[in-house]
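The values are calculated or read from the model by the stated rules, or taken from the named source; none is laboratory data. Every value quoted in this text rests on a predicted model; they were computed, and no experiment measured them. Positions of Cβ are generated from backbone atoms using ideal geometry, with glycine treated the same way; all protein chains shown enter the neighbour counts.
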Amino acid sequence: MAKKSKNYNEQFAKVDRDKLYSPLEAVKLAKETSSAKYDSTIDVAMRLSVDPRKADQLVRGTVNLPHGTGKTVRVAVFAEGEKATAAKEAGADIVGTDELIEQINAGQLDFDVAIATPDQMAKVGRVARVLGPRGLMPNPKTGTVTPDVAKAVEESKGGKIAFRVDKAANLHALIGKASFTPEQLAENYGALLDEVLRLKPASAKGVYLKKITVSATQGPGVPVDPSVQKNYAEA
């Protein structure tokens with residue numbers, strides 16, 4: 001543990017806490033300061049000037065990262081008939097209805113994203129208490145309740161991520177892996193930030209983006225300049 005703490009402190013010391021880095025500088029430093037011995041995840045944390053207790057200030061959405069997430073995403077689809085066939089052909093890992101619900105009730109949740117056709121939502125509601133707390137409940141707002149399950153599967157497999165602000169007005173999302181180039185990470189960051197800015201509530205007061213940090217797994221947070229809102233892959 002002491003060795004791990006020493007390594008973290010050494011990486012932490014590389015970050016100037018009084019500086020706001022450009023997105024490209026920040027992701028470069030996040031890559032350099034990861035103390036993980038594997039291909040770590042690069043995450044973004046944003047502090048927004050919103051009140052999540054108010055329905056009109058609950059920032060949530062989805063975005064397609066141009067360079068994907070670097071993760072193998074397992075997708076489960078609640079569908080029958082032609083829709084089930086389309087989901088399988090699009091690459092869904094698990095497709096079913098009643099049997100899928102039985103698996104979930106038995107604690108078998110071997111998937112990262114759940115998608116459902118609208119006609120299946122009454123059945124899916126039976127496992128809402130299991131899926132909801134894990135962020136897996138299909139929702140029309142995130143495009144996971146849809147008649148076009150093939151498109152939803154392809155998007156989920158191709159780098160679509162969902163995000164939402166938490167009770168403390170923080171928003172967390174992954175933008176890739178440490179093995180990505182800095183430019184790829186910066187462009188993924190830009191896609192996320194553009195969507196968060198687009199979703200700014202009209203009723204939000206003060207500076208919308210209060211704080212942004214980028215970090216790798218087991219690495220320190222690198223402060224990012226929130227005012228940089230274009231040309232993300234430039235220093």
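Of note:
- Restricting attention to region 153-189 and to residues that are on the phi > 0 side of the Ramachandran plot and within 13 Å of the chain's Cα centre (by Cα), the residue that is surrounded by the most Cβ atoms within 10 Å (Cβ to Cβ) turns out to be Gly176.
Matching residues to (1) hydroxyl-bearing (Ser, Thr, Tyr); (2) outside any loop (DSSP other than H, G, I, E, B); (3) touching a Lys or Arg at 6+ places or on another chain (Cβ under 9 Å); (4) under 22 Å from Val59 (Cα atoms):
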position	(1), (2), (3), (4)
Phe163	no, yes, yes, yes
Lys167	no, no, yes, yes
Gly190	no, yes, yes, yes
Glu195	no, yes, no, yes
Pro201	no, no, yes, yes
Gly206	no, no, no, yes
Gln218	no, no, yes, no
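- Counted as qualifying within region 1-114 are the helices (runs of 4 or more DSSP H) with 2 or more residues that are under 30 Å from Val127 (Cα atoms) and in contact with a strand residue (DSSP E or B) (Cβ under 7 Å, 6 or more places away or on another chain), namely 81-89.
- Test set (1) within 15 Å of Ile42 (Cα to Cα); (2) of a type in the set (Ser, Thr, Tyr); (3) in contact with an Asp or Glu (Cβ under 8 Å, 6 or more places away or on another chain) - Tyr189 fails condition number: (3)
- The condition (being more than 15 Å from Arg74 (Cβ to Cβ) and part of a helix (DSSP H, G or I)) is satisfied by just one residue among Pro147, Pro133: Pro133.
- Residue count for region 65-122, restricted to those that are farther than 26 Å from Ile175 by Cα, surrounded by fewer than 20 Cβ atoms within 10 Å (Cβ to Cβ) and of a type outside the set (A, V, I, L, M): 17.
- Scanning region 90-119 for residues that are under 25 Å from the mean Cα position of the chain (by Cα), farther than 13 Å from Ala76 by Cα and modelled with pLDDT of 95 or more yields a count of 1.
- Residue in region 169-185 that is nearest to Ser35 (Cα to Cα), counting only those that are in contact with a helix residue (DSSP H, G or I) (Cβ under 8 Å, 6 or more places away or on another chain) and either outside any strand (DSSP E or B) or of a type outside the set (Val, Ile, Thr) (or both): Ala178
- Test set (1) among the acidic types (Asp, Glu); (2) free of Cβ contacts under 8 Å to residues at least 12 places away in the same chain; (3) within 29 Å of Arg198 (Cβ to Cβ) - Glu82 fails condition number: (3)
- Residue match in region 21-39 (condition: in contact with a Leu (Cβ under 8 Å, 6 or more places away or on another chain) and farther than 30 Å from Tyr208 by Cβ): no
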